[in-house]
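Worksheet: the structure to be examined is printed underneath.
Values in this text are rule-based calculations from the coordinates and carry no lab data. Everything numeric in this text was worked out from a predicted model, so none of it was measured. Cβ coordinates were reconstructed from backbone atoms using ideal geometry, including for glycine residues, and neighbour counts include every protein chain displayed.
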Amino acid sequence: MKNTLRSILALCLILTSLITINAQQKRKMENTALLIIDVQNDYFPGGKMTLEKAEEAGQNTKKVLEYFRQKQLPVVHILHISTNEGATFFLPGTSGAEISPLVSPQAGEKVITKHFPNSFRETDLLEYLKSEKIENLIITGMMTDVCVESTTRAAFDFGFNTTIIGDATATKDRELNGETVKASEVQKSFLAGISALGDLYARIVNTADFIKRK
């Protein structure tokens with residue numbers, strides 16, 4: 001009988017601990033939304049603007065998305081449609097402009113279409129985040145040095161606390177004065193710059209650490 005009571009008591013303590021941990025995790029993530037920027041087919045192999053390590057970044061974005069869905073936290077998908085003259089990718093009505101199957105939106109998840117690098121420009125993103133009382137943004141997506149960076153800097157100006165999942169972002173080689181700058185260097189430089197001065201614009205973490213810490 002004593003052993004049975006001890007077992008029941010131990011089980012109750014374990015359940016209480018789990019409930020407490022889950023409640024604490026939920027409080028830590030209150031007022032937080034996931035922003036997935038431009039994870040679209042044209043950025044992946046076979047697309048019109050393939051990025052380096054796009055598949056790796058896409059898989060990591062998927063992991064973060066699954067975490068948010070498991071926790072029933074807000075998710076916002078940003079979809080870029082090119083309307084500027086001379087655009088060569090993300091063209092209206094093309095499969096390349098569609099969101100990658102890795103992170104296909106589900107019912108109830110907000111999808112915002114943009115036409116500029118900054119996801120806030122001429123969209124209802126700010127109004128939506130305010131309506132949901134969002135204070136903290138977790139950002140993943142592409143390209144690191146264009147749409148991710150411009151959106152992150154704008155988010156800072158609007159007063160959001162921002163975290164970028166570094167290995168859930170990707171870019172490509174760039175050229176400066178006839179010299180090729182490798183994608184890996186572009187990636188590191190922009191993430192280092194945006195997190196300078198004590199994570200002024202954003203804190204940078206990787207996928208595994210983000211999920212583990214939360």
(Q) Using helices alone, I'd like the mean residue ellipticity at 222 nm for the chain: each DSSP H run of four-plus residues gives -39500 (n - 2.57), total over residue count, nearest 500. (A) -12000 deg cm²/dmol
Q) How many percent of the alpha carbon pairs in the chain exceed a separation of 24 Å? A) 45 percent
(Q) Give me the extension gain from Glu98 to Gln59: residue separation times 0.36 nm, minus the current Cα-Cα distance, reported in nm with one decimal. (A) 12.4 nm
Q: With everything on Cα atoms, drop me the angle between helix 54-70 and the longest principal axis of the chain, reported from 0 to 90° to the nearest 10.
A: 40 degrees
Q: For Lys133 and Leu176, compute 0.36 nm times the residue count separating them, minus their Cα-Cα distance, and round to one decimal in nm.
A: 11.4 nm
**Q.** Between segment 162-197 and segment 36-102, the alpha-carbon center distance in angstrom
**A.** 18 Å
Q. Hey, what angle do you get for helix 2-28 against the long axis of the chain, alpha-carbon based, 0 to 90 degrees rounded to 10?
A. 30 degrees
Q.
Test of understanding: in a Gaussian network model of the chain with alpha carbons linked when under 10 Å, which of Ser184, Ser100, Ser131 would top the mean-square fluctuation ranking?
A. Ser131
**Q.** Length-normalised contact order of the chain in % [C-alpha pairs under 8 Å, at least 6 apart]
**A.** 22 percent
Q: Under a 10 Å cutoff between Cα atoms, tell me which one of Ile139, Ile99, Ile164 has the largest fluctuation in the Gaussian network model of the chain.
A: Ile99
Q: Net charge near Thr180: determine it from the other residues with C-beta under 9 Å of the C-beta of Thr180, scoring Lys and Arg +1 and Asp and Glu -1.
A: -1
Q: Compute the length gained on full extension between Ile81 and Phe156: take 0.36 nm times their separation in residues and subtract their Cα-Cα distance, giving the result in nm to one decimal.
A: 24.6 nm
Q: Please identify, among Asn177, Asn60, Asn31, the residue showing maximal mean-square fluctuation in a Gaussian network model of the chain using a 10 angstrom Cα cutoff.
A: Asn177
